[in-house]
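Quick notes on the structure that follows.
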Amino acid sequence: MNKYIEIRTGSDSDIPKINSLYTFLDDLNISYSRRILSAHRTPHEMIQEAEKLEKQHFRVSIAAAGGSAHLAGMTASETSIPIIALPVKSSLGGIDALLSMIQMPPGVPNGCVGINDSIGAAILALRIAYLDNSEIRNSLATKLGTKVNVNLGNLPKVEIITDLDTLDTSLLDILKITYSINSKQISSPIVIYINDISKFPKCISTKDEQISIIAPLKNDSFNLIDLEYLVLGPYAWVGIDRINNSYLFAAQILGIYFEEVRNKLKEYKSKLYQEVLHKDLKIQQK
Ligand code: RP5
């Protein structure tokens, strides 16, 4: 069977701290690839191995690192497959890694889980990588005591849950993803929650097998240090005020299964790349 999940850590010192990630996957007989690739000590290898992920048929990579953690973000810059960022506790308690990982720039998302939340990362990775494999999804649901109540379907589709009255969804159209907002019945495997940060986790309604992407909106009374207690569970957080990144992360997941979405995503990334080159050229000419 193909290995669909890669687990990269920034150092061997991360491994004992996230051991339950490996054992969770082992218990379900899932094969995966383990790497040590440091964003700072072996940047070239880290980039090269990120570029190869898609060709090697990986569907998701979990990037675990501590401190000033750039591994997940830099891996996400070099691939179109979804990256799960797993912040690891080190000398500053892990909030350093969480803040470094969660707030990715517009256009380059990753899905961040909580500090040392290996089980959250494992569940999320399995849901992403085996959307088309009912046997594995059933084993996961049995292990978790949940129900498989969503299917991949024939269309790339997401559900959006939000209290906002207006929402700019133009990027979803560009990415060829259909969507419904606040629909009573969830039929898509991917649900995007967009709300004021103070409404989380209360507004996450599911214990089932959906892939939940969380796009929190800024609220000045929220203390960012409390993110440590908020970002927990198998949910992909895309950063504060990063609605478009939630669409792009959904596109990365759907891009595994739908070629048109994958191609649109690549077009979008290359436009972003060209825009920065253009700005650089202009500033040099001043
Ligand atoms: C990060 O620096 C690693 O992910 C690790 O969490 C931390 C410390 O690494 P070592 O000095 O223990 O190798 O890049």
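So what is the relative contact order for the chain, in percent, with contacts set as C-alpha pairs under 8 Å and at least six apart?
Values: 577 pairs, mean separation 48.1, N = 286.
Computed value for the chain: 17 percent relative contact order.
I'd like the Karplus ³J(HN,Hα) series for the stretch 47-62: coefficients 6.51, -1.76, 1.60, θ = phi - 60°, whole numbers in Hz, and an x wherever there's a Gly or Pro.
5, 4, 6, 6, 4, 7, 3, 5, 4, 7, 6, 5, 9, 7, 10, 9
Taking the Kirkwood radius as the inverse of the mean 1/r across Cα pairs, report the Rg/Rh of the stretch 94-178. Display every interim value, and only then the final one.
Values: Rg = 16.0 Å, Rh = 15.8 Å.
Checking Rg against Rh, the ratio lands at 1.01.
Which values, in whole Å and largest first, are the semi-axes of the equivalent ellipsoid of the chain obtained as the square root of 5 times each eigenvalue of the Cα gyration tensor? Intermediate values should be presented prior to the final figure.
Working: eigenvalues 121, 116, 85 Å².
Working through the eigenvalues yields semi-axes of 25, 24, 21 Å.
Summing Lys, Arg as +1 and Asp, Glu as -1, what charge do residues with Cβ under 12 Å from the Cβ of residue 286 carry, residue 286 excluded? Spell out each step's value before the answer.
Values: positive: 279, 282; negative: 280.
Here the count lands on +1.
Over the chain, with a Gaussian network built from C-alpha contacts below 10 Å, which listed residue (254, 37, 217) shows the highest mean-square fluctuation?
217
If R₀ is 22 angstrom, what is the calculated FRET efficiency for the pair residue 275 and residue 35, using the beta carbon separation as r and rounding to 0.05? Don't jump to the answer; show the numbers that get you there.
Details: r = 31 Å, r/R0 = 1.42.
So, using R0 = 22 Å, E works out to roughly 0.10.
Can you give me the distance in nm between label points at residue 48 and residue 223, each placed 7 Å from the Cα along the Cα-to-Cβ direction?
So the two model labels end up 4.6 nm from each other.
Using a Gaussian network model on the chain with a 10 Å cutoff between Cα atoms, which of 16, 234, 82 fluctuates the most?
Its mean-square fluctuation being the largest, the pick is 16.
With springs only between Cα atoms under 10 Å apart, run a GNM on the chain and tell me which of 108, 276, 60 wobbles the most.
For the chain, modelled as a Gaussian network with Cα springs under 10 Å, the answer is 276.
Per Stokes-Einstein, at 25 °C and 0.890 mPa s, what whole-number D in µm² s⁻¹ belongs to the stretch 1-139, with the Kirkwood radius over Cα pairs as the hydrodynamic radius? Present the calculation step by step, with values, prior to reporting the outcome.
Working: Rh = 14.7 Å.
This corresponds to a translational diffusion coefficient of 167 µm²/s.
Under a straight-distance cross-link criterion of Cα-Cα below 23 Å, which lysines are reachable from residue 202, leaving out those fewer than 8 residues away in the same chain?
Within the straight-line limit of under 23 Å, residue 202 reaches these lysines: 147, 184, 218.
For the stretch 43-123, what size does the Cα cloud have along each of its three principal axes, sorted from largest down, in whole Å?
Sorted from largest, the Cα extents of the stretch 43-123 read 36, 26, 24 Å.
Looking at the square roots a ≥ b ≥ c of the eigenvalues of the Cα gyration tensor of the stretch 93-243, which shape do they give, rounded for a/c under 1.5, prolate if a/b is larger than b/c, or oblate?
In terms of gyration-tensor shape, oblate.
Residues with amide H under 5 Å of residue 160's amide H, sequence separation 5 or more or different chain, H placed in the peptide plane at 1.01 Å from N; which?
Long-range HN contacts for residue 160: 180, 181, 182, 183, 192.
Nearest 5 is fine: what % of DSSP beta bridges in the chain come out antiparallel, could you say? If you can, show how the numbers build up before the last one.
Details: 1 of 37 bridges.
DSSP beta bridges in the chain are roughly 5 percent antiparallel.
If the viscosity is 1.567 mPa s and the temperature 4 °C, what Stokes-Einstein diffusion coefficient in µm²/s follows for the stretch 158-235 when Rh is the Kirkwood radius over Cα pairs?
On the way: Rh = 13.6 Å.
In µm²/s, the coefficient is 96.
Every number in this text was worked out from the coordinates using simple rules, so none of it is lab data. Quick caveat, the model's predicted, so the values are computed rather than measured. Reconstructed Cβ throughout: ideal geometry from the backbone, glycine too, with neighbour counts over all protein chains shown.
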